[in-house]
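Asks: Handing you a structure now.
The values are calculated or read from the model by the stated rules, or taken from the named source; none is laboratory data. Note that this is a predicted model, so its numbers are computed, not measured. Heads up, the Cβs are rebuilt from the backbone with ideal geometry, glycines too, and the neighbour counts pull from every protein chain shown.
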Amino acid sequence: MGKTSKDKRDIYYRLAKEEGWRARSAFKLLQIDEEFKILDGVTKAVDLCAAPGSWSQVLSQKLNERNTSESLKIVAVDLQPMSPIYGVTQLQGDITELSTATNIISHFDGEKADLVVCDGAPDVTGLHALDEYLQSQLLLAALNITTHVLKVDGSFVAKIFRARHVTLLYAQLKCFFKEVYCAKPKSSRQSSCEAFVVCRGYNPPEGYTPTMKNPLFCEDYDQEINQLAGPNRVLVPFVACGDLSGFDSDRTYPLDLSELGEEFKGHRYEYRPVVQPPTEPAYKRAVQLKKANKLEKEHISKIKDVYEKSGSGDKKRAPDSSTVDERASALVDDDVLGAFASCFV
Ligand SMILES: C[S@@+](CC[C@H](N)C(=O)[O-])C[C@H]1O[C@@H](n2cnc3c(N)ncnc32)[C@H](O)[C@@H]1O
């Protein structure tokens, strides 16, 4: 690939270089701000998963333009090291680890941030369900840190994947924020399921105590989670149904229940077929083969011979006509070869 091919293909990549942003992602935050004005009035911000630093650049530039106040504070964190950015305190660490979270919080020293942003993305594995899960865990780690450092009414912006379980994340975020939006900036490729939650009006449930003891960080579930109280730990009623005279499902009972005593007198065992067997059970083919005696060991080795000679495993090769007789003697038809291929090859 030539040096200029990415420049040609991607206008935002080109513009980022022209305007001095470290990554094209800068435009995503700028476009979110254009729409939601999330940077208005912000003097303290946290940038989670910040490397190489284009969102921190946007924060530094915009907040410094809009404020003369000495109290500007921007803290940026990433697994990777970053080159320095004016006015940005940089930390290196994993945001899913308690020590990193504690480090970020210590930089606020009792003060609160107006805004937390997180553009975090785990290394994509290509397994969609796993990628979606890892992304949601990163977002929950960011939310956890946010509950410690964000002031009431503050804002939180984070990358999400708009995948199957995203509504659960929205519901979780809605417990903490008055407004939750899903934003897709123009600079985020349409072909990608990437989007950003824009959460405004931080408003934790009454009595909620920010804690790092959530399932993500906890080492001893029993010690940590089971000690939480109030809205931090929701308990739902456990209801046992049925009275004590019901059969115990963990016990094995005699076939003839009459053996259990007078109460079951006359209750003799009688075999009955299942009330409604499955219509297309996975084992249907196996039952058919078994009935035709085609699952015997010696038969399977005959099928294997025919399979190999007929070239059934080689889609490009036509079946060999010389095997026709052998097939007949081995009771092997195309169905059997197919079943053989799916089970043994
Ligand atoms: C898309 S990049 C962020 C780009 C950045 N917003 C910018 O504008 O330059 C995603 C970043 O998430 C970071 N990351 C992924 N998992 C992380 C974790 N558990 N803790 C901290 N950073 C993480 C990666 O190291 C990577 O630098």
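Asks: Go through the range 58-85 and report how many residues are within 13 Å of the ligand (Cβ to nearest atom) and either surrounded by fewer than 21 Cβ atoms within 10 Å (Cβ to Cβ) or without any contact (Cβ under 8 Å) to a residue 12 or more places away in the chain (or both).
Replies: Number satisfying all stated conditions: 7.
Asks: Filter the range 40-57 down to the residues that are more than 24 Å from residue 111 (Cα to Cα), out of contact with any strand residue (DSSP E or B) (no Cβ under 8 Å at 6 or more places or on another chain) and surrounded by 21 or more Cβ atoms within 10 Å (Cβ to Cβ) and list them by number.
Replies: The initial filter retains those residues of the range 40-57 that are more than 24 Å from residue 111 (Cα to Cα), namely 51-52, 54.
Now restrict to residues that are out of contact with any strand residue (DSSP E or B) (no Cβ under 8 Å at 6 or more places or on another chain): 52, 54.
Result: 54, single match.
Asks: If you don't mind, there's one more thing I want to ask. Considering (1) of a type in the set (Ser, Thr, Tyr); (2) within 28 Å of the chain's Cα centre (by Cα); (3) under 19 Å from residue 31 (Cα atoms), say which one residue 100 fails and leave the rest.
Replies: Here residue 100 clears every test but (3).
Asks: Do we find a residue being surrounded by fewer than 22 Cβ atoms within 10 Å (Cβ to Cβ), among the polar types (S, T, N, Q) and farther than 19 Å from residue 232 by Cβ anywhere in the range 148-171?
Replies: For the range 148-171, residues surrounded by fewer than 22 Cβ atoms within 10 Å (Cβ to Cβ), among the polar types (S, T, N, Q) and farther than 19 Å from residue 232 by Cβ: present.
Asks: Next question. Limited to the range 111-144, what total is found for residues that are touching a Pro at 6+ places or on another chain (Cβ under 9 Å) and farther than 23 Å from residue 192 by Cα?
Replies: Matching residues across the range 111-144 total 1.
Asks: Scan the range 14-39 residue by residue and report those that are surrounded by 17 or more Cβ atoms within 10 Å (Cβ to Cβ), away from the ligand (no atom under 12 Å from the Cβ), closer than 19 Å to residue 50 by Cβ and of a type outside the set (A, V, I, L, M).
Replies: Scanning the range 14-39 gives 31, 33.
Asks: Now, a different point. May I ask you to verify whether residue 174 is surrounded by fewer than 16 Cβ atoms within 10 Å (Cβ to Cβ) and at pLDDT 90 or above?
Replies: yes
Asks: Same structure again: Can you tell which of 130, 134 is buried (at least 16 other Cβ atoms within 10 Å of the Cβ), more than 24 Å from residue 30 (Cβ to Cβ) and without any contact (Cβ under 8 Å) to a residue 24 or more places away in the chain?
Replies: From the options 130, 134, the qualifying one is 134.
For (1) of a type outside the set (Val, Ile, Thr); (2) touching an Asp or Glu at 6+ places or on another chain (Cβ under 9 Å), each residue gets a yes or a no:
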site: 72; (1), (2): yes, no
site: 77; (1), (2): no, yes
site: 87; (1), (2): yes, no
site: 90; (1), (2): yes, yes
site: 97; (1), (2): yes, no
site: 102; (1), (2): no, no
site: 114; (1), (2): yes, yes
site: 120; (1), (2): yes, yes
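Asks: Right, here's the next one. Return a yes/no flag: does the range 50-57 have any residue that is within 13 Å of the ligand (Cβ to nearest atom), of a type in the set (Ser, Thr, Tyr) and free of Cβ contacts under 8 Å to residues at least 12 places away in the same chain.
Replies: No: zero hits.
Asks: Checking residue 125 against (1) closer than 25 Å to residue 188 by Cβ; (2) surrounded by 15 or more Cβ atoms within 10 Å (Cβ to Cβ); (3) of a type in the set (S, T, N, Q), which test does it fail?
Replies: Result: residue 125 fails condition (2) only.
Asks: With (1) farther than 20 Å from residue 74 by Cα; (2) modelled with pLDDT under 95; (3) more than 12 Å from the ligand (Cβ to nearest atom); (4) touching a strand residue (DSSP E or B) at 6+ places or on another chain (Cβ under 6 Å) as the list, and residue 197 as the residue in question, which single condition is left unmet?
Replies: Result: residue 197 passes all but (2).
Asks: While we're looking at this one, here's another question. List every residue pair whose Cβ atoms sit under 8 Å apart, with the two residues 6 or more apart in sequence or on different chains, where the first one lies in the range 281-305 and is farther than 14 Å from residue 338 by Cα and the second, anywhere, is loosely packed, with under 10 Cβ neighbours inside 10 Å and modelled with pLDDT of 75 or more.
Replies: 299/293
Asks: Which one is surrounded by the most Cβ atoms within 10 Å (Cβ to Cβ), of the residues in the range 89-120 that are within 12 Å of the ligand (Cβ to nearest atom) and in contact (Cβ under 8 Å) with a residue 60 or more places away in the chain?
Replies: The extreme case among them is 117.
Asks: Also: Starting from residues that are of a type in the set (A, V, I, L, M, F, W, C) and either assigned to a loop (DSSP other than H, G, I, E, B) or loosely packed, with under 11 Cβ neighbours inside 10 Å (or both), keep the ones in the range 247-267 and report whichever is modelled with the highest pLDDT. Give the steps one after another, and end with the answer.
Replies: If we filter the range 247-267 for residues that are of a type in the set (A, V, I, L, M, F, W, C), which is where we start, we get 247, 255, 257, 260, 264.
Next, only the ones that are either assigned to a loop (DSSP other than H, G, I, E, B) or loosely packed, with under 11 Cβ neighbours inside 10 Å (or both) stay: 247, 255.
Values: 247: 85, 255: 91.
Checked the range 247-267; the qualifying residue modelled with the highest pLDDT is 255.
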